[in-house]
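The values are calculated or read from the model by the stated rules, or taken from the named source; none is laboratory data. The structure presented is a predicted model; accordingly, all values stated were derived computationally and were not measured. For neighbour counting, all protein chains shown are included, and Cβ atoms are generated from backbone atoms with ideal geometry for every residue, glycine included. With ligands, DNA and RNA removed, areas are computed over all heavy atoms of the protein, side chains included. Shrake-Rupley method; radii C 1.70, N 1.55, O 1.52, S 1.80 Å.
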Amino acid sequence: MKQKWTLLAVLAIGLLAGYLVGNRQELAQGSLLEVQQQTLTRQAEAIGKLESDLGVKQTQLATQQAAFEQLQQQLKSQESQSQELKRQLAFFERIMRPEGEQSGVVIDNLTVQESSVPNRYHYRLALTQPAKQRELFRGQVQIRVEGSQHGEPKILSGRDLQMKAGAGRYSLRYFQLLEGDWQLPDGFVPDRIRIGIPKEGRQPAQELLVEWNEVLKPMMVPPTELASPATSG
């Protein structure tokens, strides 16, 4: 009986060894597939983490870019305000400390500003009397906007610009600011502005010719405050 069990054991071992020898290639391939599957799983996890990190970095970059652009806008606005203050200071210095001898009204400066209404602009014209001996002068300023409409040259007068009646009249001894709105017709492209004061009595003829882009100022938009980080209380 013992020999019988021994013979069966030897036979079983032999069958197992034969199976292993005959199927070693398939077993090897199965192990290789398992290793490859594990490698692919680890790579997919690594790619997922990289994509997540990339999303976070892109969000941070977008936030920083928005903050940088906002700072640029604020800086541009501050520079514009600084230039305007310098211009106003120089303007009032010319009024308070006249040095000229020429009698009459002088066209000092002109600014044009965009508005929220399409093709509508707000103008501001400064007139001064630079002579040390000042007298009262009255008259009418002539305003022309030169440009083109639908490819053809065109000159707009005060009526074409829909200026209010009497908008160009002045009466000054020291200085005067003339303000109002211009409404450009559709399709009109402005090139330059011509401001004139005709000769009348002691008032000499005056003319100011400026390029549109030189006096145009963008619409003033209050700068948006940067969002401050939340603090826990």
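Expressed as a whole percent, the accessible surface of the stretch 106-217 that belongs to carbon and sulfur atoms is 44, based on a 1.4 Å probe. For residue 203 and residue 144, the FRET efficiency from 1/(1 + (r/R0)^6), where r spans their Cβ atoms and R0 equals 22 Å, is about 0.70.
Quick check: net charge around residue 185, other residues with Cβ under 15 Å of its Cβ, Lys/Arg +1 and Asp/Glu -1? Mind showing how you got there, number by number?
Working: positive: 120, 144, 154, 159; negative: 146, 152, 160, 181, 186, 191.
Around residue 185, the charge tally is -2.
Which length gain, in nm to one decimal place, applies between residue 103 and residue 131 when the Cα-Cα distance is subtracted from 0.36 nm times their residue separation? Numbers along the way, then the final one.
Numbers: separation 28, 0.36 × 28 = 10.08 nm, distance 0.57 nm.
Length gained, residue 103 through residue 131: 9.5 nm.
The residues of the stretch 147-200 present an accessible area of 61 Å² per residue when probed at 1.4 Å with all protein chains retained. Local charge for residue 194 was computed over the other residues whose Cβ lies under 9 Å away, with Lys and Arg +1 and Asp and Glu -1, and equals 0.
Using a probe of 1.4 Å, the accessible surface attributed to residue 103 totals some 30 Å² when neighbouring protein chains are kept in position.
Could the peptides 171-182, 196-207, 39-50 be put in order, highest first, of the mean number of other beta-carbon atoms found within 10 Å of their residues? Don't jump to the answer; show the numbers that get you there.
Numbers: 171-182: 15.3, 196-207: 13.5, 39-50: 10.0.
By packing density, highest mean first, the sequence is 171-182, 196-207, 39-50.
Put simply, when 120-127, 132-139 are sorted by average Cβ atoms within 10 angstrom per residue, most first, you get 120-127, 132-139. Summing +1 for each Lys or Arg and -1 for each Asp or Glu among the other residues whose beta-carbon sits under 15 angstrom from that of residue 142 gives +3. DSSP beta bridges confined to the stretch 106-217 are antiparallel in about 95 percent of cases.
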